[in-house]
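Here is the structure we will look at, set down as structure tokens.
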Amino acid sequence: MLRNRWWIVAASLVAQLVGSGAINIFAFSVFLKPVSTGLGIGRGVLSSALLLSTLLTAVGCLTFGALFDRGRIRAVLLPAIALYALSVAALSLLQPSLAIIYTLFGLSGFVGAGQTPLGYSKVISQWFNEKRGLALGIVQAGVGLGGIFVAQSARFLINDFGWRKAYVGMGVIILLVAFLPVALFVREPVLVTSARRRTERDSSQNALVSGLTVAEVLRSWQLWMLALAFFLIVVTANGPLVHAVALLTDRGISISQATTVLSTAGLAMIIGRMLTGYCLDRFFGPYVAIFWIGGAMIGIGLLASGAGGLVPMAGTILCGLGMGAEGDLLPYFVSRYFGIRSFGQVYGYLFAVFMVGVGVGPSLLGYSFDRWHSYGPMLIIFEVALFLACVIFLRLGPYRFPAHASMGGDDENESVASSASTLGSIARP
């Protein structure tokens with residue numbers, strides 16, 4: 001039973017509960033007010049530290065993407081998890097000094113690249129073909145589940161121990177939750193070499209290496225259009241989530257209610273990713289993307305209205321739905337438009353752009369608040385950006401590597417790869 005490839009999906013989901021996405025969005029949102037108040041700095045300054053962190057995550061994605069394409073993904077993931085846990089715990093040492101703030105956030109950002117969905121999506125795309133969208137959606141839902149788990153954990157830790165010890169606690173949680181599942185279950189397919197399975201081996205090997213080279217992808221206009229579209233989406237959907245607790249409490253909502261709303265946005269992210277994965281296996285991806293972007297546009301419109309009560313709560317939840325969809329769309333589009341051969345590096349490039357957006361959105365909203373004492377002006381700009389993203393998706397064109405053209409099917413892939421070790425031993429084809 002443990003050889004079933006769905007155990008790899010489950011382990012990857014658990015690891016993403018405490019991935020850098022959950023920590024950067026949901027934990028940071030809870031830490032934003034107490035840390036900025038405790039250090040005597042503005043929200044814009046602390047948001048700029050998150051921007052630096054995500055910029056270095058982008059650089060780290062380029063490094064980790066190349067490592068993942070060389071194989072032995074688990075051997076890279078395990079030390080990355082340990083280092084990321086230590087770097088988050090080190091945030092307890094923050095001082096009212098820009099040099100220290102930027103150094104500690106930058107360190108956590110770079111090593112956090114190993115705890116993005118990058119490596120996990122590479123493994124899942126190797127194991128799944130026709131059900132790839134659903135499998136990726138389940139793994140990406142880990143970020144949403146992590147939002148619920150991380151936001152509430154951060155709140156309890158801050159209330160009981162203060163924000164410094166809370167950062168140490170978050171580091172311990174990352175190590176405890178992610179390390180063991182990855183060590184036991186995450187593995188790459190092992191291609192058998194017996195004569196009676198030579199045909200299956202050749203078919204699977206072709207599937208695992210099919211796709212464009214990095215040089216070919218870099219010459220593709222679709223890469224640059226996808227980079228721009230996902231940058232716009234993550235800036236506009238992620239920014240309001242990072243500032244959600246601060247925005248909601250500014251409008252008279254209690255901290256406990258605001259944290260609950262943020263956790264609900266995490267639940268919405270789960271729903272968005274699961275439904276997106278399901279739909280991607282059945283409908284053309286760009287149309288799926290536009291549908292979910294429309295929901296995020298409504299959410300940002302509600303936040304920009306300046307209303308209180310249930311209105312900003314609903315807006316935050318709709319942003320969570322939009323954020324959930326884009327996390328699933330990115331790896332799926334990489335596999336369908338460019339193939340699996342250079343998946344790690346190509347996804348690394350796009351995820352680097354993605355992570356820049358993760359930092360840019362909160363930073364823009366932070367400075368909007370510091371300058372105008374309102375998030376409204378920047379939220380209006382975000383609406384325009386999402387509309388532009390919809391136009392880009394309409395121009396992408398058909399997939400280069402649709403499901404039916406990649407290989408014989410998921411059952412064959414699982415049969416060929418079933419000789420992989422039960423506890424996740426890694427072997428190169």
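Computed from point charges on the beta carbon alone (+1 for Lys and Arg, -1 for Asp and Glu), the dipole magnitude for the chain about its Cα centre is near 600 Debye. Compared with the dominant Cα axis of the chain, that is its longest principal axis, helix 198-209 is turned about 30°. For E188, the residues whose amide H sits under 5 Å from its own are A427, ignoring neighbours fewer than 5 places away on the same chain, with H placed 1.01 Å from N. Axis angle, to the nearest 10 degrees, between helix 310-338 and the longest C-alpha principal axis of the chain: 30 degrees.
Between D69, D328, D370, the Gaussian network model of the chain with springs among Cα atoms under 10 angstrom shows the greatest mean-square fluctuation at D370. Ranked by the mean number of other Cβ atoms within 10 Å per residue, highest first, peptides 216-228, 137-149, 99-111 order as 137-149, 99-111, 216-228. 3J(HN,Hα) couplings calculated from phi for segment 179-189 with the Karplus curve 6.51 cos²θ - 1.76 cosθ + 1.60 (θ = phi - 60°) are, in sequence order, 5, 5, x, 5, 4, 7, 10, 6, 7, 9, x Hz; Gly and Pro show x.
The stretch between R395 and E383, if pulled fully straight at 0.36 nm per residue, gains 2.4 nm over its current Cα-Cα span. With semi-axes defined as the square roots of five times the eigenvalues of the C-alpha gyration tensor, the equivalent ellipsoid of segment 75-131 measures 32, 10, 7 Å, largest first. Here are several values of P(r) over Cα pairs in 20 Å bins from 0, in percent: [x] 29, 58, 13, 0; [y] 26, 55, 19, 0; [z] 25, 52, 17, 4, 2, 0. Which one was derived from the coordinates shown? The value matching this structure is [x].
The listed peptides 89-97, 122-130, ordered by packing as a protection proxy, come out as 122-130, 89-97 (highest mean of other Cβ atoms within 10 Å first). As a rough guide to protection, the peptides 38-44, 339-345, 233-239, 315-321 ranked by mean Cβ packing within 10 Å, highest first, stand as 233-239, 315-321, 339-345, 38-44. Projecting the Cα atoms of I41, Q222, F369 onto the charge dipole of the chain, computed from C-beta unit charges around the Cα centre, puts Q222 farthest toward the positive end. In order along segment 120-128, the phi-based Karplus estimate (6.51 cos²θ - 1.76 cosθ + 1.60, θ = phi - 60°) of 3J(HN,Hα) comes to 5, 5, 4, 5, 4, 5, 6, 7, 10 Hz; Gly and Pro are listed as x.
For K131, a cut-off of 19 angstrom between C-alpha atoms picks up these lysines, skipping any fewer than 8 places away in its own chain: K122.
Considering only V139, I8, I300, and ranking their Cα positions along the charge dipole of the chain that arises from unit charges at the beta-carbon of Lys, Arg, Asp and Glu, the one farthest toward the positive end is I8.
Where a number appears in this text, it was derived from the coordinates with a stated rule and is not lab data. Source: prediction; values computed, not measured. Glycine gets a Cβ as well: all are built from the backbone with ideal geometry, and neighbour counts include every protein chain shown.
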